[in-house]
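Below: the structure, in structure tokens.
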Amino acid sequence: MRAQTRMTWARSLGGALALLFGCVESRPALAASCSVSSSGVSFGAYDPVDAADTRGTGMIRLSCDQSVNATVALNGGGASSLDHVMRNGTSELAYDLYVDAQRAGVWGDGTGGSQTVSFNGTIVDRSVYGAIRARQRVTAGSYTDVITLTVTY
């Protein structure tokens, strides 16, 4: 049996960047019941003259009432593709989300070279790694984006 859970996740430059906005679940009878939560990705302060990317880490937790093999996909947020951008008015700040600490594999929906992530068990925590690209010309302020997580099990 397969069910999908969708959760909206927001990102805002300056404290905890990924806030849980909501979770909608649809599942067949007798299937596992799962919930998703997030601790948020925190990038801290962004310095546009720094030569290095600004990095952050967050956490996604999948909790189910029975063991499941699930896949978690992330959409492109407010961007038209998986090239994520946070916005502050008309100003944009490009960033990416990754499956690994080396930031080699882009966490996405499985298209365009991106990867989805497997969650196996009853309670599974997975880190989300983020990087804001270095040397972007942006105005000071709070930047936000909304990401939707899709959990398929």
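The values are calculated or read from the model by the stated rules, or taken from the named source; none is laboratory data. Being a predicted model, the structure only gives us computed values, none of them experimental. Positions of Cβ are backbone-derived with ideal geometry, glycine not excepted, and every protein chain shown enters the neighbour counts.
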Whether any residue in region 80-90 is among the acidic types (D, E) and surrounded by 18 or more Cβ atoms within 10 Å (Cβ to Cβ) is what I want to check. no
Residue among S127, S142 that alone is of a type in the set (G, A, S), within 26 Å of V49 (Cβ to Cβ) and surrounded by fewer than 18 Cβ atoms within 10 Å (Cβ to Cβ): S142
Within region 114-141, residues of a type in the set (G, A, S) and within 18 Å of the chain's Cα centre (by Cα) come out as S114, S118, S127, G130, A131
Within region 44-78, can you find the residues that are outside any loop (DSSP other than H, G, I, E, B) and either under 20 Å from V138 (Cα atoms) or in contact with a helix residue (DSSP H, G or I) (Cβ under 6 Å, 6 or more places away or on another chain) (or both)? T54, R55, G56
Name the single residue, out of those in region 63-79 being in contact with an Asp or Glu (Cβ under 8 Å, 6 or more places away or on another chain) and not small (G, A, S), that is surrounded by the fewest Cβ atoms within 10 Å (Cβ to Cβ). N75
Hey, among the residues in region 99-137 that are among the β-branched types (V, I, T) and in a strand (DSSP E or B), which one's nearest to A70 (Cα to Cα)? V117
For A104, are the conditions met, namely being at pLDDT 95 or above, small (G, A, S), more than 15 Å from the chain's Cα centre (by Cα) and more than 18 Å from T148 (Cα to Cα)? yes
